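Below is one structure. I have some questions about it.
Bear in mind that the values in this text are calculations on the coordinates, not laboratory data. Fair warning: this is a prediction, and the values are worked out from it, not measured in the lab. Glycine also receives a Cβ, built like all others from the backbone with ideal geometry; neighbour counts cover every protein chain displayed.
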Amino acid sequence: MRGRTIAAATTALALSCGPALALDVEAARKQFVTSCGVCHAVEKDAAPRQGPNLFGVVGRKAASLEGFAYSPALKQLDTVWSDDTLDAWIADPKAVAPGSVMIYRQADPAKRLLIIAYLKTLSN
Ligand code: HEC
């Protein structure tokens, strides 16, 4: 467990250290497509798939996209998507919002960090 925490911290550091250790956006995008792309579009104004469009999701209030039929559980979750809330959600959506309907869990903290870093590149 300790090893994992250190690995995650090292990745976090790498992602936040600027040009010398710049984020490999293409690798991050690929990880997103592999893990999330089946269910989530990220092009601005693209139609939802099984899940809502994630363009601009960082900083967005949970369950706030017009026209997407969120579960009651997610609608009741009073949160804003940030590094921390996204990390917890991707690790185990049902722990964050029992009754939510996203059928996916990513146990690897390094992959979660990469995906969140990619989501942060998607905004106006
Ligand atoms: C099998 C399909 C599926 C996969 C794979 C999936 N999701 Fe989802 N996601 C959903 C569904 C369905 C919802 C709506 C959940 C609800 O309403 O309870 C959702 C909701 C979300 C939300 C809330 C968005 C909002 O507008 O509040 C975020 C953030 C999210 N997913 C991120 C991800 C990320 C990042 C990944 C990849 C690591 C991922 N999801 C993988 C189906 C999926």
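What does the charge dipole of region 39-124 about its Cα centre add up to, to the nearest 20 debye, if the Cβ of each Lys and Arg holds +1 and the Cβ of each Asp and Glu holds -1?
So the magnitude is around 120 debye.
Below 16 Å, Cα to Cα, which lysines can residue 111 reach? Residues fewer than 8 away in the same chain don't count.
Straight-distance partners of residue 111: 30, 120.
Same structure again: Is region 25-120 rounded, prolate or oblate when judged by the Cα gyration tensor, a ≥ b ≥ c being the square roots of its eigenvalues, rounded requiring a/c under 1.5 and prolate requiring a/b larger than b/c?
Oblate is the answer for region 25-120, as a/c is 1.5 or above yet b/c matches or exceeds a/b.
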